[in-house]
1. Tell me the carbon and sulfur percent of the accessible area for the range 16-74, rounded to whole percent, probe radius 1.4 Å.
2. Using Cα positions and a limit of under 23 Å, work out the lysines in reach of LYS208, with same-chain residues fewer than 8 apart set aside.
3. Using a 1.4 Å probe and counting only protein heavy atoms, arrange GLU180, GLU136, GLU32 so the residue with the most accessible area comes first.
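The values are calculated or read from the model by the stated rules, or taken from the named source; none is laboratory data. Note that the structure is predicted; figures quoted are calculated from it, not measured. Please note that ligands, DNA and RNA were not included when accessible areas were found on the heavy atoms of the full protein model with its side chains. Shrake-Rupley method; radii C 1.70, N 1.55, O 1.52, S 1.80 Å.
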Amino acid sequence: MFDRADRHMRDPAAASYSGAVTIRVLIADDQEDVRSAYRIILDAQPDITVIAEAADGTTAVALARDLRPDVVLADIRMPGLDGLAVTRLLAGPGVANPMQVVVVTTFDVDQYVHTALHNGACGFILKRSGPALLTEAVRAAAAGDALISPQVTVRLLRTFRAERTTPPTDLPLAPLTGRETEIARLVAQGKSNAQIAATLFLSPGTVKNHLATIQRKVDAPNRVGIAAWVWSRT
């Protein structure tokens, strides 16, 4: 859980966001003190504002559909609809206008991670990760990127590698082209669109177009899904 002493601290990285468009956030958590902590942390940032709170999943879905926040922070265990169901309804396969949902939870359980990502979550962070990662996850989601708590990422990588039955290869990942493979591998390393563009000497727009094609080819809901797909094959 976030330390109370950290609640009033601004993220040092936030300075680079001054003057940026404000990111509108909806918080869904059944614990009032948690919602209050998130609000204090996020409202302290110059580029983020909390527009609504929900104490249960049903209310969260209704508010999200009405207010269309840029990012929804959803706890997993809530009355009514849990966070995984909220994610599926707001960001899952078949949703006409999917939203950016970041799952924030106390429970570091593989099944929760896999289900959240399958349901369209663009981030999965643990409550013990701290304020800096929370704000980073919100900004990443708003930018169309994704962030997973480092502890979770390391374990996912280990799991995928342990399940691998074929040796790693540098050849293109079918059905991707060589360029798409390069981009997909960089996504799996946690690189942002800007970083990928700089590495491959491409424009951010070109990277974004490639990512859309990759998502379609591998049936991934977002860049986290792309990363998981790459991890399972390398």
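1. On the way: 1150 of 2460 Å².
Ligands and nucleic acids excluded, carbon and sulfur reach 47 percent.
2. LYS191, LYS217
3. Working: GLU180 15, GLU136 95, GLU32 135 Å².
My answer, sorted largest first, is GLU32, GLU136, GLU180.
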